[in-house]
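The values are calculated or read from the model by the stated rules, or taken from the named source; none is laboratory data. Everything numeric here is computed off the predicted structure, so don't read it as measured data. So basically every Cβ, Gly included, is an ideal-geometry build from the backbone, and we count neighbours across all protein chains shown.
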Ligand code: PLP
């Protein structure tokens, strides 16, 4: 055994969205091949830019952003976040807001702050895989509850209930959902809030796609968990404000805060240890939340997000052996593959074949902790003509590899 092996705590930590197929894509590109990346929701690489007012704010504050800020975030950003949730009817004040280097950092911090070895965290299947990875890294045990494809990918309440044990500490709710595009109804969110209340679970509400909605409305989980369930809400600038690379996100705590002072001390310790979040990007939070930064022209019919998802959804459903639920929010589709028809035992291998033969990089479904090798996630961000070409190549690959 070499002394340079990775630490054993990384065992069981997976993040396949940037996994071995991406490494293969990079190798192919280094050889001069052109690969279409449909594996990461990185808006900038598909021609989406942050609103100009945010860019100007970032630049204007660059010279006063040389130093560390308050570890919890600059005051204007925290105030803007608090005000935003107040206008949505939530009881949020500045002390309840923590700014981070994107939601990713805040997911890591909250799970490290609250998880003891063996604590169980309920996480959706499929999930955004950082939740599972960070739970494992924190010493916790991810327990996946099923989302039901035949019911618009809504979480299965009975499955959630059946998986609660005395070790269950928290439940993760991703709404709008990555990877399925589901948006949850009030009734369903209320049921989850009630389960959390009855079982004293912390609710971890990842709402980074809150504003990317194609139909219906989005309800903040914290509005339903109220004053007696501890709820952490996560969002940021990466998606609705098209600023993934700026690394700016926030966490908002609601519920019985006086009972959680010890946990908040832990969170503050972790915040202090990483000094602060990227300061110029923090300045842009007030501009993002304070002004008119509507993304209506992207999510309405005729807008890029909307139309690209619709086109991809239709074309995927036209492929024999593929069926796909429409996305009601977010930026992704999570189509079902007929595993028998394509003789798929390992969906990562299936995706590798697609990459090698057709130069398209997608993420395989088990990378999202889906239990079966019969799904993949497609990022619907390229221009329509590119998406048409990409789905056309997926159709060719399916035709060439089908066994029945
Ligand atoms: N949560 C979900 C559901 C996501 O899809 C992503 C990124 O794709 C993140 C969190 C991470 O966001 P950030 O860029 O703010 O770290």
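Summary table below
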| read-out | value |
| --- | --- |
| Condition met for residue 158 (surrounded by fewer than 18 Cβ atoms within 10 Å (Cβ to Cβ) and away from the ligand (no atom under 16 Å from the Cβ)) | yes |
| Only one of 199, 317 that is away from the ligand (no atom under 15 Å from the Cβ), without any contact (Cβ under 8 Å) to a residue 40 or more places away in the chain and not assigned by TED's automatic domain parsing to the domain that holds residue 120 | 317 |
| Search result, residues across segment 166-193 that are part of a loop (DSSP other than H, G, I, E, B), within 16 Å of the ligand (Cβ to nearest atom) and over 15 Å from residue 369 (Cβ atoms) | 175, 176, 181, 182, 183, 184 |
| Exclusive hit being within 12 Å of the ligand (Cβ to nearest atom) and surrounded by fewer than 22 Cβ atoms within 10 Å (Cβ to Cβ), set 108, 65 | 108 |
| In segment 249-306, residue farthest from the chain's Cα centre (by Cα) [restricted to those that are within 30 Å of residue 138 (Cα to Cα), in a loop (DSSP other than H, G, I, E, B) and touching a residue at least 60 places away in the same chain (Cβ under 8 Å)] | 275 |
| Residues located in segment 86-105, provided they are more than 15 Å from the ligand (Cβ to nearest atom) and either assigned to a loop (DSSP other than H, G, I, E, B) or surrounded by fewer than 20 Cβ atoms within 10 Å (Cβ to Cβ) (or both) | 86, 87, 88, 89, 90, 91, 92, 93, 94, 95 |
| Residue within segment 24-36 that is assigned by TED's automatic domain parsing to the domain that holds residue 305, more than 26 Å from residue 233 (Cβ to Cβ) and within 16 Å of the ligand (Cβ to nearest atom) present | no |
| Hits in segment 111-143 (condition: within 12 Å of the ligand (Cβ to nearest atom) and in a strand (DSSP E or B)) | 123, 124 |
| Boolean, residue 297 is exposed (fewer than 15 other Cβ atoms within 10 Å of the Cβ) and at positive phi | no |
| Pair list, Cβ under 9 Å, 6 or more apart: segment 167-183 residue in the same structural domain as residue 15 (by TED's automatic domain parsing), other residue within 11 Å of the ligand (Cβ to nearest atom) | none |
| Condition check for residue 83: within 16 Å of the ligand (Cβ to nearest atom) and farther than 23 Å from residue 192 by Cα | no |
| Residue pairs meeting the criteria (Cβ under 9 Å; at least 6 apart or on separate chains; first over 19 Å from residue 368 (Cβ atoms), in segment 1-23; second modelled with pLDDT of 95 or more) | 9/136; 9/137; 9/139; 10/136; 10/137; 11/136 |
| Residues being out of contact with any helix residue (DSSP H, G or I) (no Cβ under 8 Å at 6 or more places or on another chain) and closer than 22 Å to residue 323 by Cα - total across segment 143-179 | 11 |
| Residue within segment 211-222 that is more than 16 Å from residue 175 (Cβ to Cβ) and away from the ligand (no atom under 11 Å from the Cβ) present | no |
| Only listed residue being in the same structural domain as residue 152 (by TED's automatic domain parsing) and free of Cβ contacts under 8 Å to residues at least 12 places away in the same chain, chosen from 86, 96 | 86 |
